[in-house]
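No lab work stands behind these numbers, since they all come straight from the coordinates. The structure displayed is predicted, hence computed values, not measured ones. Cβ placement follows ideal geometry from the backbone for every residue including glycine, while neighbour counts extend to all protein chains displayed.
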Amino acid sequence: MNDGRPTPEEFLQRLKDEETSRLIGKLKIFLGMAPGVGKTYTMLESAQKLLRDGVDVVAGCIVTHGRKETEQLLHGIEIIPYKQITYKNTTLDEFDLDAALARKPQVILVDELAHTNVQGSRHEKRWQDVEELLNAGIDVYTTLNVQHVESANDIVAQITHVQVKETVPDLVLERANEIELVDLTPDELIQRLKEGKVYVPEHSERALENFFRKGNLIALRELALRATAERVDDQMQKYRRDEFIKEIWPARERLLVCIGPHPLSARLVRATKRMAKGLHAEWTAAYVETSRTARFSKRDRDRIMRTLRLAERLGAETTILTGEKTSEELVSYARKLNITKIVIGKPAKPRWRELIFGSVVDDLIRKSGNIDVYVITGDTSNTEPLAKDMVRESENFMHYIYATSAVAIAAAVAKFGFHKLAQENLMMFFLLAVVVTALKLGKGPSILCAVLGVAVYDFFFVPPYLSFAVSDTQYLITFGVMLLVGLTLSTLTTTIKKQAELSRKRERHTATLYAMTRELASARGKEKVARISARHICDVFGCQAAVMLPDESGETVVVPDIDKAYELDAKETGVAQWVFLNNQVAGVGTSTLPGAKALYLPLTGAKGIIGVIGILPSNRERMFDPDEMHLLETFVNQMALAVERAWLGEQAAQRVQSIS
């Protein structure tokens, strides 16, 4: 764990972010719970302040709804004329994107971010116009109602019984540099509606009976407040990262639960879920892989994977950390995410083992600083009993035979130099045997090698010879130091070997992901992107794959000509269709439709699900390893973003052709 100073990677990321922020414009969103709260009015007030400060501000698109007080705030602001587009024998006014880009002001006002452009426009949605303005280095002020946020769409429909068709991807809100909440109480908004300040009187009566009921407005107000609070929290997190602040700022509760192979980990997950629900907090489940845990048995690793999936089903984010000390990795990760509470299980080891070998719980409590640590037993229901499989797989018995042979070889070499070398040099042969054994055979055989080495050295090379008796008591110190050095070498060598293996694994994962991303960057067409992604996934995971993408009618069809593809029968197609409709993982190795022969994962982009990929593993033990599953999810996420980008590119090309 670092000492609070930023790492080189953090410095590079900050420089990259600063360079990017200089090239693109800044986005400010005026967010409201419903029409009529005063978003456009507030935006124009901010624009007038900018004008007084000498900022070049223009109005690209302002919808005043005939409100005189709003129209008065346009005084002194340059207005870009609308572009007239003919659609179905009707001439309609639309925001002139090209004129705005040619004018290139410092700040442009673009009302109604969720608006759908008239067919024949360059972009389908106004938020896409705004993205082009931002990429051109122009700051944008815009307005948005919370019911138009993509992730809130289903919640709004459930509350108001109105399905909002015009939505804005959450990614646009995440890109915003600032979100200003324009708030009114429900009673004040209803009064404005009755006074005709929102809609004309005949429309106001219908709105009061439907969308603008007081209960609806209360719920929508909570959604708007929550969306703003989340964005403010993101800004706080960004500030902490930019300023390399390691201290915890407990402005909002965040929980971290540490899991392992023990069956009680499932209890911890359920208990943390209840705690997070009571605190209205986000929570994360983390597993730390060290050189010791890398030797867990298959059943232990399967249990870890099931526990991580349980946490995901209960709404947690999951992560696998790698390092040498569990407590240090947990505290470092907690500080990075501004975690306020860490949940860990009570230690199951005997007290004497904790005193000798150390305790993760004790280390965590000492190093946690101002982070609260909860040591609990968790929920006692539905927990599988402890079984013999909790014992780690022992090393191969032959490894101990080889370790004994290594001691014998060291003794033979020492015997050969017995009359030519000093006794201190003879010790080195036995210590060398310990190092070689640790590198090749592991910790257990190397410890045996260290103990046997001391015994053999005493028996053959210390007077009286061929006896364990010691004529000079000073040799006892020699034996103690020799044993201590041997055990230390054994531990250090094994640890370094495991760290090197973990580093090689991370490097291999990074290289394979980079290779796929680089090839996808130049690919065109969603089917080509799908083929490239499937090929890389099959090569990395040693599996077969099938990809299903929606056609123009919205029906999912199998992408043809995929390398190492497998055939989808009616049963497998049904599982894939279920995944597409429900946006959930299903198939072999999961608790949903486990009878399928393949694993099916949704391809989810910024605008929602865009397809399904099926994975038919050739080695299930490797495929469902926790680390491999998280790597697979990373590949699938990159694939989804690339397919969505290609799909949006095809749509843009089609619109350009229709315009020309």
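So here's what we get for this one:
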{"item": "Value at 222 nm in deg cm²/dmol, rounded to 500, when DSSP H runs of n ≥ 4 in the chain each add -39,500 (n - 2.57)", "result": "-17000 deg cm²/dmol"}
{"item": "Ranked Y400, Y465, criterion: other C-beta atoms within 10 Å, fewest first", "result": "Y465, Y400"}
{"item": "P(r) tail fraction, the chain - alpha-carbon pairs more than 48 Å apart, %", "result": "32"}
{"item": "Shape category assigned to the range 24-242 from the gyration tensor of Cα positions, a/c cut at 1.5", "result": "rounded"}
{"item": "Unsatisfied cross-links (Cα-Cα over 31 Å) in the set K277/K346; K336/K597; K39/K607; K526/K571; K26/K607", "result": "K336/K597"}
{"item": "Contour minus Cα-Cα distance for V162 and D56 (0.36 nm per residue)", "result": "34.2 nm"}
{"item": "Reciprocal mean inverse distance between Cα atoms of the range 55-108 - Kirkwood radius, Å", "result": "12.5"}
{"item": "Exposure proxy ranking, count of Cβ atoms within 10 Å, fewest first, for I447, I496", "result": "I496, I447"}
{"item": "Percent antiparallel among DSSP beta bridges (both partners in the chain, rounded to 5)", "result": "35"}
{"item": "L181 long-range amide H proximity, modeled H, under 5 Å", "result": "L31"}
{"item": "Exposed GluC sites (Glu not before Pro) absent - longest run of the chain, DSSP non-H/G/I/E/B, at most 14 other C-beta within 10 Å", "result": "1-194"}
{"item": "For V168, V257, order by how many other beta-carbon atoms lie within 10 Å, fewest first", "result": "V168, V257"}
{"item": "Under-5 Å amide H pairs with G611, H placed in peptide plane, nonlocal only", "result": "L603"}
{"item": "Crossing angle, helix 423-441 versus the chain [Cα axis fit, 0-90 degrees, rounded to tens]", "result": "40"}
{"item": "Global size of the range 502-659 as Cα Rg and Dmax, reported in angstrom", "result": "15.5, 54"}
{"item": "Extent along principal axes [Cα atoms of the range 397-496; Å; largest to smallest]", "result": "36, 25, 22"}
{"item": "The range 122-194 - Rg over Rh from alpha carbon coordinates, Kirkwood radius", "result": "1.03"}
{"item": "Extension gain, D362 back to T604 (0.36 nm per residue minus Cα-Cα distance, nm)", "result": "83.0 nm"}
{"item": "Mean separation of Cα contacts under 8 Å (6+ apart) over length of the chain, as relative contact order %", "result": "10"}
